[in-house]
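To start, the structure under review is shown below, and the notes come after it.
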Amino acid sequence: MTQKSIVVVDPHFRRMEEIFSPGDLARLHDTVQVVWGKDVAMPLEEFSAALPEAIAVVTAGWRYGDILHHASKLRAIIDLAGAFPRTLNYQQCYDRRIRVLTAAPGFARGVAEMALGLALSAGREIAAGDRAMREGTEGWEHAGNIETFSLYGKRVGFIGYGSLARCLRPLLAPFGCHISVYDPWLGAGYLRSQAVQPVDLESLLDHSRVIFVLASPTAENAALLSRPLLERIQPGAVLVLISRAHVVDFEALTELLLAGRFKAAIDVFPQEPLEIDHPIRQASNAVLSAHRAGSVREALWDLGEMVVDDLEAIARGLPPQRLQAAQPEIIARYTSR
């Protein structure tokens with residue numbers, strides 16, 4: 001009987017049953033010999049003892065220090081937190097041919113679904129209509145639709161075109177939207193091959209009726225959507241903030257929403273939990289969600305499925321295909337939040 005490869009699975013702050021469906025958990029144990037595999041954080045001394053024989057580490061953040069010189073068999077570090085670990089020595093990983101993978105693509109379907117729902121809720125004022133009904137201030141039929149609009153045939157802008165955007169695009173296909181994309185990390189030819197139109201950021205903001213903020217946080221895009229750029233958004237348009245608040249001047253966004261300049265749907269905030277007295281809570285033209293887009297069970301199980309798929313490949317000496325790899329050219333430009 002062939003001996004299984006050893007994989008350290010230390011998912012804390014996440015839980016095993018949160019990440020792995022029963023079927024994928026069984027598949028994980030069929031594929032590799034799992035060391036630890038508990039919901040509480042693995043003690044450093046036990047991690048250190050297991051690392052020399054492990055071909056992969058599955059963790060939610062790198063909290064083990066400078067220890068890779070003991071990892072003679074290690075071929076992959078898989079992060080479950082949704083970002084690349086900031087405390088990892090990436091050059092050492094590249095030198096030792098250790099792949100660093102983030103399970104962020106596992107969240108993409110669930111977040112894309114929520115992004116579409118938020119856009120529809122804001123554009124059709126579904127949440128506002130519900131509040132009005134409960135307060136007895138509703139407008140019936142046409143009177144309740146004066147400020148609403150249909151998504152069909154509208155110009156839509158994507159800020160960022162990573163795994164989240166690639167999952168959202170087919171969800172918009174039935175609506176026949178004209179999709180423009182601003183992503184300085186991707187070439188125009190590649191974007192056109194994806195059936196989207198590459199544009200500059202100013203043009204996207206000027207012409208889009210719905211704008212999805214889908215970009216990962218980087219050292220370069222902090223407050224990318226500054227006050228002057230936010231002021232370019234059409235009156236009545238919808239800004240869907242679904243990736244990270246890092247990308248937006250949130251104070252300016254709040255002030256413009258309170259002034260009624262446009263609509264928004266927001267799932268991520270500069271500080272979470274959001275302060276109870278934050279003025280954004282008073283913006284009646286904003287649909288607010290408590291960072292719930294990626295935490296639905298099915299989305300987390302998508303993540304676990306991808307992890308097991310790639311561990312199957314790694315255990316067979318093959319390259320992983322499903323998770324996102326840390327590329328040397330850009331890893332230093334990412335930030336975790």
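The numbers here are math on the coordinates, done by the rules we state, and not lab data. Every value quoted in this text rests on a predicted model; they were computed, and no experiment measured them. Please note: Cβ atoms are built from the backbone with ideal geometry, for glycine as well, and neighbour counts cover all protein chains shown.
Tell me which lysines have Cα within less than 18 Å of LYS73's Cα, excluding those fewer than 8 residues away on the same chain? Cross-link targets: LYS4. Every pair of different Cα atoms in the stretch 243-337 enters the Kirkwood calculation, which places the hydrodynamic radius at 16.5 Å. Charged side chains reduced to their Cβ positions (Lys and Arg at +1, Asp and Glu at -1) give the stretch 108-288 a dipole of some 620 debye around its Cα centre. Here, the stretch 108-288 yields an orientationally averaged convex hull projection of 10.4 nm² when only Cα atoms define the hull. Amide H contacts for ALA237 (H built 1.01 Å from N in the peptide plane; partners 5 or more residues away or on another chain; cut-off under 5 Å): LYS263. Okay, helix-only estimate at 222 nm for the chain: each DSSP H run of n ≥ 4 adds -39500 (n - 2.57), divide by all residues, round to 500 deg cm²/dmol; what do you get? Helix-only estimate at 222 nm: -9000 deg cm²/dmol.
Counting Lys and Arg as +1 and Asp and Glu as -1 over every other residue whose Cβ lies under 10 Å from the Cβ of PRO105, the net charge comes to +2. Going by neighbour counts of Cβ atoms within 10 Å, the residues TRP36, TRP140 line up, fewest first, as TRP140, TRP36.
Of SER243, SER208, SER72, the residue with the greatest mean-square motion in the GNM of the chain, using alpha carbon springs below 10 Å, is SER72.
All other residues with a Cβ under 13 Å from the Cβ of ASP39 taken together, and with Lys, Arg as +1 and Asp, Glu as -1, what is their net charge? Around ASP39, the charge tally is 0.
With a Förster radius of 25 Å applied to the beta-carbon distance between GLN271 and LEU201, the computed FRET efficiency rounds to 0.45. Under a model in which nothing but the beta-carbon of Lys, Arg (+1) and Asp, Glu (-1) is charged, the stretch 96-149 shows a dipole of about 900 debye around its Cα centre. Using a basic spin-label model with each label point 7 Å from the Cα along Cα→Cβ, how many nm lie between HIS69 and LYS38? The two pseudo-label positions are separated by 2.9 nm. Working from Cα pairs under 8 Å separated by at least six residues, relative contact order for the chain is 19 percent.
Each of ARG232, ARG192 has some number of other Cβ atoms within 10 Å of its Cβ, and from fewest to most they run ARG192, ARG232. Using θ = phi - 60° in the Karplus curve 6.51 cos²θ - 1.76 cosθ + 1.60, the 3J(HN,Hα) couplings for the stretch 132-139 round to 5, 4, 5, 8, x, 10, 6, x Hz; x is entered for Gly and Pro. Going from the fewest other Cβ atoms within 10 Å to the most, the residues GLU46, GLU298 appear in the order GLU298, GLU46.
Backbone phi angles across the stretch 252-266, fed through the Karplus curve with coefficients 6.51, -1.76 and 1.60 (θ = phi - 60°), yield HN-Hα couplings of 5, 4, 4, 5, 5, 5, 5, 7, x, 5, 7, 10, 8, 9, 10 Hz in residue order; Gly and Pro are listed as x. For the stretch 12-57, the Cβ-based charge dipole about the Cα centre amounts to some 100 debye (Lys, Arg positive; Asp, Glu negative; other atoms uncharged). Modelled spin-label separation between ALA290 and ALA173, with each label point placed 7 Å from Cα along the Cα-to-Cβ direction: 3.6 nm. The Cα-based radius of gyration and maximum Cα-Cα distance (Dmax) for the stretch 292-337 are 13.4, 37 Å. Taking N as the residue count of the chain, its C-alpha radius of gyration divided by 2.2 N^0.38 Å amounts to 1.09.
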